[in-house]
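Novice: Before we start, here is the structure in question, set down as structure tokens.
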Amino acid sequence: MTDSTPDTDGDAVVCLPVGRVVGGRAQATDDDWDRETAVIRLDAARFGPQALAGLEDFSHLEVVYHFDRVTPEKIQTGARHPRGNTDWPLVGIFAQRGKNRPNRLGVSRCRLLKVDGLDIQVAGLDAVDGTPVLDIKPYMAEFGPRGETAQPEWSVELMRGYWSTPAG
């Protein structure tokens, strides 16, 4: 069984969820995600515990998921002010990490707390209860950025409270 198959024209990609987020937040809100804990529960019809063998040796995961609550009419393909804040510049959808993306894909890094059967307990995953998980990878430092990184000041300001409540 393949997880992704192109259509006859080769344009479409079909991804079947490997699992779902269980627990954590019921609604997406913008900040303070580090306090959230949840479980990624693998699809028992497709996977057994052996699919997670060795995962517990890692401290962090990269999780690819589907923003399934974003309706097609909310998808954005041009430029917008991040979070609707007109104090921040108008930037293209691919220059920000908003959920209203063309393919509605989210990518997150989170802490791995425990592997138990088909359940992966995590902390700091910014996906809500019921979210379809498309892939899970162990985080390896060698896949992190090579060299110096740069980002605009508006993005630093936007992210200030994303993982934890800002002081003050």
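Novice: Go over the candidates Gly54, Gly48 one by one and state the one that is surrounded by fewer than 17 Cβ atoms within 10 Å (Cβ to Cβ), modelled with pLDDT of 95 or more and on the phi > 0 side of the Ramachandran plot.
Specialist: Gly54
Novice: Pairs, please: C-beta under 9 Å, at least 6 apart or cross-chain, first residue closer than 18 Å to Ala141 by Cβ and in the range 36-65, second surrounded by 14 or more Cβ atoms within 10 Å (Cβ to Cβ) and hydroxyl-bearing (Ser, Thr, Tyr)?
Specialist: Pairs found: Phe58/Tyr139; Ser59/Tyr139; His60/Tyr139; Leu61/Ser108; Leu61/Tyr139; Glu62/Ser108; Glu62/Tyr139; Val63/Ser108.
Novice: Is it the case, given these coordinates, that Asp87 is closer than 25 Å to Gly48 by Cβ and either in contact (Cβ under 8 Å) with a residue 60 or more places away in the chain or among the acidic types (Asp, Glu) (or both)?
Specialist: no
Novice: List the pairs whose first member sits in the range 3-32 and is within 21 Å of Ala45 (Cα to Cα), whose second member is modelled with pLDDT under 90 and aromatic (Phe, Trp, Tyr), and whose Cβ atoms are under 9 Å apart, counting only residues at least 6 apart or on separate chains?
Specialist: Listed by first residue and then by second, the contacts come to nothing, as the list is empty.
Novice: Can you list residue pairs whose Cβ atoms sit under 6 Å apart, with the first residue in the range 96-113 being over 22 Å from Ile40 (Cα atoms) and the second being of a type outside the set (Val, Ile, Thr) and open to solvent by less than 20 Å² (accessible area, probe 1.4 Å)? Count only pairs 6 or more apart in sequence or on different chains.
Specialist: As it stands, the answer is Gln96/Pro82, since those pairs meet every condition given.
The values are calculated or read from the model by the stated rules, or taken from the named source; none is laboratory data. Values in this document were obtained by computation on a predicted structure and should not be read as measured data. Please note: Cβ atoms are built from the backbone with ideal geometry, for glycine as well, and neighbour counts cover all protein chains shown. For the accessible areas, the whole protein counts, side chains as well, though only heavy atoms, and no ligand, DNA or RNA atoms are used. Shrake-Rupley method; radii C 1.70, N 1.55, O 1.52, S 1.80 Å.
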